[in-house]
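What follows is a single structure, written as structure tokens, with notes after it.
The values are calculated or read from the model by the stated rules, or taken from the named source; none is laboratory data. Just so you know, these numbers come straight off a predicted model, no measurement behind them. Here the Cβ is made from the backbone with ideal geometry for all residues, glycine too, and neighbour counts use every protein chain on show. All accessible areas refer to the heavy atoms of the entire protein, side chains included, with ligands and DNA or RNA removed. Shrake-Rupley method; radii C 1.70, N 1.55, O 1.52, S 1.80 Å.
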Amino acid sequence: ARITLRQLLDHAAHHGYAVPAFNINNMEQGIAIMQAAADVDAPVIIQASRGARSYAGDLMLSHMIDALERTYPDIPLCMHQDHGNDEATCASAIAHGFTSVMMDGSLKADAKTAADYDYNVAITRRVVDLAHWVGASVEGELGVLGSLEHGGGEQEDGHGVEGKVSHDQLLTDPDQAVEFVRATKVDALAIAMGTSHGAYKFSRKPDGDILAMRVVEEIHRRLPNTHLVMHGSSSVPQPLQDMFNQFGGEMPQTWGVPVEEIVRGIKSGVRKVNIDTDCRLAMTAVFRRVAAQTRSEFDPRKFLKPAMDAMRDLCRERFEQFGTAGHA
Ligand code: G3H
Ligand code: 13P
Ligand code: NA
Ligand code: ZN
């Protein structure tokens, strides 16, 4: 059954769990998420980026979601636009059956100037007005994550997004968060605590200096009733890095967000946890293994089925770790 982000995160807050939001671009990723959810009775957030929508096509994507929903009628499913950049993107997502949209008004910002903040408030508020009119939910974002355009990962040691801002400036300001939620009426707020998108987040296991979970705790103290969202929350598991590299990949050693830090966030209002990189890595590490171990193989299903199983296992593990399991 299709549900909104608001419905799902209210339930999660009431019961003290979080929901991983996994990105999809194709059928195999969609099936992997739903199989994992069905295995452990978890509700799901499936999200599509603008890139995913143009990769699969809106018609293909929306019918795929319909098919996933009908195949797993007992799993509550929230379909979410990841990193919407303007009103048109959010409106067309809703028109295609998405029950939730992210209006990422921080995308445009190079730094936290007053003009950037005002732009973010104004456009997010307009998207909230249009989405709430038809019952859809809205996630906003305040703060600067590792930039999507530059693959992220360059800011962990204070060198900033292209060196323009310091580490502290990247983190969400708690006072501004209170004001932003009041002014926009968002259903969920994505905040920056030092993570970035992609595999290359940290060059060592992150400590409290580079992964500032205290910011999450402080914002939760000021906004106890606001659902918080962590982006860039892949853990980039070592066994997946090793498998990828063992079978011909060349991924430099990297560190993601430790699951125990996410679990700490869940105790402080984090209700939606965005994960894309781990799913990609689980699938492509297995592609490489199949390609290396069965060099005569050319049936794509022989690659895609084990890749799908690896993503399913990853998703199931996160449902269990975040307490989502058992809440469908
Ligand atoms: O936030 C970024 C997500 O990982 C989606 O990435 O734009 O390459 O689909 P994408
Ligand atoms: P990762 O790259 O850490 O998986 O983050 C995904 C994300 O935040 C999508 O919005
Ligand atoms: Na999102
Ligand atoms: Zn993101």
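Only residues that are part of a loop (DSSP other than H, G, I, E, B) and either under 16 Å from P43 (Cβ atoms) or in contact with a helix residue (DSSP H, G or I) (Cβ under 7 Å, 6 or more places away or on another chain) (or both): list them for the stretch 56-73, please.
Correct list: Y72, P73.
Could you tell me which residue of the stretch 38-55 is nearest to T324 (Cα to Cα), considering only residues that are touching a Phe, Trp or Tyr at 6+ places or on another chain (Cβ under 7 Å) and part of a helix (DSSP H, G or I)?
Only one residue fits best here, namely V40.
Does G198 satisfy the criteria of being part of a loop (DSSP other than H, G, I, E, B) and either within 14 Å of ligand 4 (Cβ to nearest atom) or at pLDDT below 85 (or both)?
It is true that G198 is part of a loop (DSSP other than H, G, I, E, B) and either within 14 Å of ligand 4 (Cβ to nearest atom) or at pLDDT below 85 (or both).
Just to be sure, is M308 modelled with pLDDT of 95 or more and within 25 Å of M34 (Cβ to Cβ)? Steps first, please.
Numbers: modelled with pLDDT of 95 or more: yes; within 25 Å of M34 (Cβ to Cβ): yes.
For M308, the condition - modelled with pLDDT of 95 or more and within 25 Å of M34 (Cβ to Cβ) - is met.
Scan the stretch 45-53 and tell me whether some residue there is touching a residue at least 24 places away in the same chain (Cβ under 8 Å) and more than 16 Å from ligand 4 (Cβ to nearest atom). Walk me through it before giving the result.
Residues of the stretch 45-53 touching a residue at least 24 places away in the same chain (Cβ under 8 Å): 45-53.
Remaining after also requiring more than 16 Å from ligand 4 (Cβ to nearest atom): none.
Within the stretch 45-53, not a single residue is touching a residue at least 24 places away in the same chain (Cβ under 8 Å) and more than 16 Å from ligand 4 (Cβ to nearest atom).
Every residue, every condition in (1) closer than 30 Å to R222 by Cα; (2) open to solvent by less than 20 Å² (accessible area, probe 1.4 Å); (3) part of a strand (DSSP E or B); (4) of a type in the set (A, V, I, L, M), yes or no:
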| position | (1), (2), (3), (4) |
| --- | --- |
| Q241 | no, yes, no, no |
| N245 | no, no, no, no |
| G248 | no, no, no, no |
| P252 | no, no, no, no |
| V257 | yes, yes, no, yes |
| E261 | yes, no, no, no |
| G265 | yes, yes, no, no |
| N274 | yes, yes, yes, no |
| R280 | no, no, no, no |
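If you take the residues in the stretch 5-53 that are of a type in the set (S, T, N, Q) and under 14 Å from L314 (Cβ atoms), which one is surrounded by the most Cβ atoms within 10 Å (Cβ to Cβ)?
The qualifying residue surrounded by the most Cβ atoms within 10 Å (Cβ to Cβ) is Q29.
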